[in-house]
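All remarks here apply to the structure that follows.
Values in this text are rule-based calculations from the coordinates and carry no lab data. Not measured: the values here are computed from a predicted model. FYI the Cβ positions are ideal-geometry reconstructions off the backbone, even for glycines, and counts take in every protein chain you see.
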Amino acid sequence: HAEVYISHTDSTTRYMQVHSAGGSNLTDPNVAYQWAKGDMLRILTDRNGIIIYASKQIEALTGYTPEEVIGKTPAIWGKQMPSEFYKSLWQDILVQKKAISTTLTNKHKDGSLYTAQVKISPILDNTGDVAHFLGIQSAL
């Protein structure tokens with residue numbers, strides 16, 4: 001299990017790169033993921049969806065602080081879509097290793113529902129296996 005840190009490059013485009021503690025870049029250049037700007041929520045999870053990083057924008061969007069979600073899955077504010085939706089999503093991002101962009105319904109900490117635009121991209125390790133997922137989310 002790689003230790004992960006985040007580096008930001010190119011101050012205008014703001015790409016997120018994920019590196020192992022040994023320094024090797026885990027991002028496949030073909031899966032480069034634009035670092036979101038403004039009020040978009042940015043999260044990094046392990047391959048099981050456990051959140052290991054959440055940007056400060058998470059609180060405005062979901063009501064949860066970064067500290068409250070680290071170690072949990074996005075289901076803490078999600079799970080409002082039919083189970084078939086999540087089966088298909090996991091098939092795409094984990095099995096087929098495809099980036100997805102979709103609209104879904106989430107639940108704020110206060111119980112109110114909101115519609116969000118979500119983009120999730122798998123990050124592959126040096127052997128081609130999914131190591132992490134990068135996600136951005138914004139309310140519609």
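A few remarks follow.
- From most to least packed by mean Cβ count within 10 Å, the peptides 128-136, 94-102, 56-64 give 128-136, 56-64, 94-102.
- For segment 55-140, the share of alpha carbon pairs falling in successive 10 Å distance bins from zero is 16, 48, 31, 5, 0 percent.
- Simple label model, 7 Å out from Cα along Cβ direction - I70 to D129, nm: 2.6 nm
- Close Lys pairs in segment 42-119 (alpha-carbon distance under 26 Å; sequence gap of 8 or more, or different chains): 27.
- Approximating the spin labels as points 7 Å out from Cα along Cα→Cβ, the M81-to-D46 distance works out to 2.4 nm.
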